[in-house]
Amino acid sequence: MKYVHESTPSQHWTDESYRLQQEGRIRTAAARRRTGWRITAAGPCPRCSGPFTFREEAEQSVVARLDDEVADAEGVASAAALGDGDGPPSTVTVTCDAPGIYDGAPGGVAGCGACFTLYVL
Ligand SMILES: [Zn+2]
């Protein structure tokens, strides 16, 4: 497959990734951290079908203090335990990093170059 770099999310691949999310093939997770949220996602890339992985630390605009009682050993607490409305970002922007050989990919760059938006479900 040819490498095609996209610097902004493509509506086409976003639509496809949403369909894959609805089918349960792409999964996202949001874990509360002391300074914000850790968002992870994995599944087949909507363009190349290769397995992409995504991990991002999203900073909170207003940092909520976590009580040690609600944080586990890794500092992760559930949103339910925290209670208030400072939730994780509703979407994240993902660039495919699936392993594979893509024609024309720059050296050291993984993935097919597709960029898409995932809903944090
Ligand atoms: Zn891809």
In the range 19-51, what residues are assigned to a strand (DSSP E or B) and closer than 23 Å to residue 102 by Cβ? 41, 42, 43, 44, 51
Can you tell me which residue in the range 97-119 is surrounded by the fewest Cβ atoms within 10 Å (Cβ to Cβ), limited to those that are within 15 Å of residue 16 (Cα to Cα) and more than 8 Å from the ligand (Cβ to nearest atom)? 119
Neighbours by Cβ (under 9 Å, 6+ apart or cross-chain): first from the range 40-53, within 16 Å of residue 14 (Cβ to Cβ); second near the ligand (Cβ under 9 Å from one of its atoms) and among the polar types (S, T, N, Q): 52/95
Among the residues in the range 19-26, are any modelled with pLDDT of 95 or more and within 13 Å of the ligand (Cβ to nearest atom)? yes
With the requirement that a residue be surrounded by fewer than 16 Cβ atoms within 10 Å (Cβ to Cβ) and modelled with pLDDT under 95, what does the range 32-55 give you? 34, 35
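The values are calculated or read from the model by the stated rules, or taken from the named source; none is laboratory data. None of the values given here were measured: they were computed from a predicted structure. Cβ sites come from the backbone with ideal geometry, for glycine too, and all protein chains shown count toward neighbours.
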